1. Quick check: residue separation of Val180 and Leu50 times 0.36 nm, minus the Cα distance between them. What number comes out in nm?
2. Quick one: of Lys65/Lys229; Lys34/Lys269; Lys61/Lys252; Lys54/Lys252; Lys192/Lys229; Lys192/Lys252, which pairs are farther than 25 Å apart, Cα to Cα?
3. Between His80 and Glu259, what is 0.36 nm times their sequence separation minus the Cα-Cα distance? Round to one decimal in nm.
4. DSSP loop (so not H, G, I, E, B), at most 13 other Cβ within 10 Å: list which chymotrypsin sites (Phe, Trp or Tyr not before Pro) in region 152-227 pass both filters.
5. When ligands, DNA and RNA are left out and all protein chains stay put, how many square angstrom of accessible area per residue does region 145-238 have with a 1.4 Å probe?
6. Work out how much length His94 to Glu204 would gain on full extension: take 0.36 nm times their residue separation and subtract the Cα-Cα distance, in nm to one decimal.
7. Sort Ile47, Ile232 from largest to smallest accessible area, using a 1.4 Å probe on the heavy atoms of the protein chains.
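The values are calculated or read from the model by the stated rules, or taken from the named source; none is laboratory data. Keep in mind that this is a model prediction, so the values were computed, not measured. Backbone-built Cβ (ideal geometry, glycine too); neighbour counts: all protein chains shown. Remember, those area values only see protein heavy atoms, side chains included, never the ligands or the DNA or RNA. Shrake-Rupley method; radii C 1.70, N 1.55, O 1.52, S 1.80 Å.
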Amino acid sequence: MSNDRLFKIFGLLLVSLTSSIGCAQEHVEELIGKVQSLNHDISNVLIINLNTKKTTITNAKGLFKLEVNVNDTLQFSAVHYSTKEIMVTEAMIHQKMIFIDLQEKVIDLDEVIIQPHNLTGNIHLDAQRFDSKPVINSSSLGLPQAKVKVKTKNERLLFEADDGKFVKLQGSPFGVGITVNTHKIMNRISGKTKALKNRLVLDEHIKIEKQIANMFPTVAYSKELGIPKTHIEDFLSFCIHQTDFPKPSDTKNPLQIWEYIKGKSNTYKKSNGLN
């Protein structure tokens, strides 16, 4: 057999072997699991495939689905829980469902002093020592409008500055009278109303920023997105002020929010010299 023919056969075998290895590496499976802690389901756990960078979030029952390969490393992180990493095995993929247990973060206290009521630490026993009385409020008394949302300080100020119509027609014994709301008009002209509206927008941004910050643990921002801990607050503010930021109704979807801030992380790092 000639050398040329041997080289051709060797080349074909090499191509075939390379293709087989490539197909094996691209063999993706869907892993189904449930995250829990002491038999309690944990929602909004961020799960990251550290190999493929694909992510997902557990639902209200702690369930999740994620595309994986054998030997991929998955990271599970949630607020108030210790971060956990596992390596995907062949056995896990063939199971109908895997169960991941997370440990709650424990804050150690140097010393606890119970006083001045000689409490024992036994909740049931200590509760009997107190003559507890029901809390009396507008809801317990069944007063009208007890469930009406209480306005914030800035909401009250805006209401006072911009309440009512500009012009109001009123009947009188002498005919129809016109009342001009000079208070509202002057607040509009002076810019006070606009300033108060801007305050409400800022209040909403701060509220959403806190909400998002509490969705994911610090390690998710620093380790996976490369955002230094000292820049997390500024980064979230940067995301919230973008014109394409999700609507308030969509900020309750952790997975959608994670994908959004993940997409904005490179832009933020580049603009702040963090790359």
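1. Values: separation 130, 0.36 × 130 = 46.80 nm, distance 6.51 nm.
So the chain would gain 40.3 nm between Val180 and Leu50.
2. Working: Lys65/Lys229 29 Å; Lys34/Lys269 34 Å; Lys61/Lys252 16 Å; Lys54/Lys252 20 Å; Lys192/Lys229 37 Å; Lys192/Lys252 32 Å.
Check vs 25 Å cut-off fails for Lys65/Lys229; Lys34/Lys269; Lys192/Lys229; Lys192/Lys252.
3. On the way: separation 179, 0.36 × 179 = 64.44 nm, distance 2.16 nm.
Gain in length upon complete extension: 62.3 nm.
4. Details: sites: Phe159, Phe166, Phe174, Tyr221; in loops: Phe166, Phe174.
Listed in order of number, the matching sites are Phe166, Phe174.
5. Working: 6650 Å² over 94 residues.
Computed with neighbouring chains in place, this is 71 Å² per residue.
6. Details: separation 110, 0.36 × 110 = 39.60 nm, distance 4.60 nm.
Between His94 and Glu204, full extension yields 35.0 nm more.
7. Values: Ile47 0, Ile232 25 Å².
The most accessible residue leads, giving Ile232, Ile47.
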